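See below for the structure under consideration.
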Amino acid sequence: KFINLIFMGKMFPTVVPVRDFDPGRDAARIDVAIKTKGVDEQTVIDILTRRSYEQRREIAFEYERIAKKELVVALKGALSGSLETLMLGLMKSTVQYDASELKASMKGLGTDEEALIELVCSRNNEELAEIKRVYKDMFKKDLEKDIAGDTSGDFAKLLLALVQTKRDDPSNVVDYEKIDDDARSLYEAGVKRKGTDVTTWITIMSKRSVPHLQKVFERYKSYSPYDMKESIRKEVKGDLEKSFLTLVECFENRQLYFANRLFEAMKTKSAKEKVVTRIMVSRCEVDLMRIRTEFKRQHKRSLYQTIAEHTKGDYQKALLSLCGGDD
């Protein structure tokens, strides 16, 4: 099933199932690597970053059989810092990882709004529906309730509207009248009036299909002197502005959005490792190959080279392995 998805063009992973897979052998090698004095991180990295999640699960099962303890526990004991965070991330499925990152963004005193925005606004309807289900399984709580308890105002309204996954499915019929109506409504709710009717913006951006919205934003330019992104910047501020911008960027080109996030996270001397780890782990079995392509196209250098320059040590080795090659 998985391979079919890849060829149907739905997925562009950099991490795929390895051929001639032997979970017992992998588990034994990891066991030796962890028991080695000083820990042989390289072996752990080589194995876990080049296996699919399903394969990692089998390795974990075999590991527990031979070492009599859980692989996750052993990794926590053997690794530290950013490498540990990344490897533990790989021990979850993509959906489990997204769910636990959402949970972490709302835990404790402050909310990590940036992570919350990225995770909610960049995931498509199917992904969000899955995340909600798994979130409930993992934490025995509703994602909606947690978001509602942790955010407020229009920002909360927007996130909740997205998490309700009421978005239309793409249709084969292009409804020009509705495209025009929506474009005009967006204009009249924002740039045309004093103040912003945010509710209208939320409704249109959370309920319409992505192909429809792409046409709406095109049409919008015939009403407004500013394009959609400029209008957002003029009309709203703070987390709401970031959320709307993320949505529009993802509707237009989701992989470019992630490429730009990675670029921004590695612009300074020390990389924002949390952001880099989250995108690399959450997208490596989804669309990281296309993110790589967009990165090179947009920033005139490869993601691989950028990671090599802005990170170091074993953490860097793991990221480069997930990246899956230079462009």
Sorted largest first, the C-alpha extents of region 151-258 along its principal axes in whole angstrom are 37, 29, 25
Expressed as a whole-number percentage, the relative contact order of region 55-187 with C-alpha contacts under 8 angstrom and at least six residues apart is 17
Length gained, LYS141-ASN125, 0.36 nm per residue minus C-alpha separation, equals 3.8 nm
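How charged is the neighbourhood of ILE45? Take every other residue with its Cβ under 11 Å from the Cβ of ILE45, and add Lys/Arg as +1 and Asp/Glu as -1. Spell out each step's value before the answer.
Values: positive: ARG50, LYS317; negative: ASP40, GLU41, ASP46, ASP314.
With Lys, Arg at +1 and Asp, Glu at -1, the net is -2.
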Ordering 26-35, 181-190 by per-residue average of other C-beta atoms within 10 angstrom, highest first, gives 181-190, 26-35
Between the modelled labels at THR200 and GLU188 (7 Å from Cα along Cα→Cβ) the distance in nm is 0.6
Output for region 52-93: GluC sites (Glu not before Pro) sitting in coil per DSSP, at most 15 other Cβ within 10 Å, listed by number, reads GLU70
To the nearest Å², the heavy-atom accessible area per residue of the chain with 1.4 Å probe amounts to 49
Among LYS107/LYS242; LYS103/LYS237; LYS145/LYS267; LYS37/LYS140, the pairs whose Cα-Cα distance exceeds 31 Å are LYS145/LYS267; LYS37/LYS140
Dividing the alpha-carbon radius of gyration of region 39-83 by 2.2 N^0.38 Å, where N counts its residues, gives 1.12
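GLU54 to LYS221: FRET efficiency via 1/(1 + (r/R0)^6), r the Cβ-Cβ distance, R0 45 Å, to the nearest 0.05? Before the final figure, lay out each step's value.
Numbers: r = 45 Å, r/R0 = 1.00.
Efficiency, from the Cβ-Cβ distance: 0.50.
Show me the three semi-axes of the equivalent ellipsoid for region 83-126, from the C-alpha gyration tensor (sqrt of 5 times each eigenvalue), largest first, rounded to whole Å. Intermediate values should be presented prior to the final figure.
On the way: eigenvalues 62, 49, 13 Å².
Its equivalent ellipsoid spans semi-axes of 18, 16, 8 Å.
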In whole percent, the fraction of accessible protein surface over region 178-267 that belongs to carbon or sulfur atoms, probe radius 1.4 Å, stands at 45
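Reported to two decimal places, what Rg/Rh ratio describes the chain when computed on Cα atoms with Rh from the Kirkwood expression? Each step should come with its number before you reach the end.
Details: Rg = 21.4 Å, Rh = 21.3 Å.
For the chain, the value is 1.00.
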With -39,500 (n - 2.57) per DSSP H segment of 4 or more residues and division by the full residue count of the chain, the 222 nm estimate, nearest 500 deg cm²/dmol, is -21500 deg cm²/dmol
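The values are calculated or read from the model by the stated rules, or taken from the named source; none is laboratory data. Predicted, not measured: the structure shown is a model, and the values here were computed from it. Because the Cβ atoms are built from the backbone with ideal geometry, glycine has one as well, and the counts that use them run over all protein chains shown. Each accessible area value is taken on the protein alone, full model and side chains, heavy atoms only, with ligands, DNA and RNA left out. Shrake-Rupley method; radii C 1.70, N 1.55, O 1.52, S 1.80 Å.
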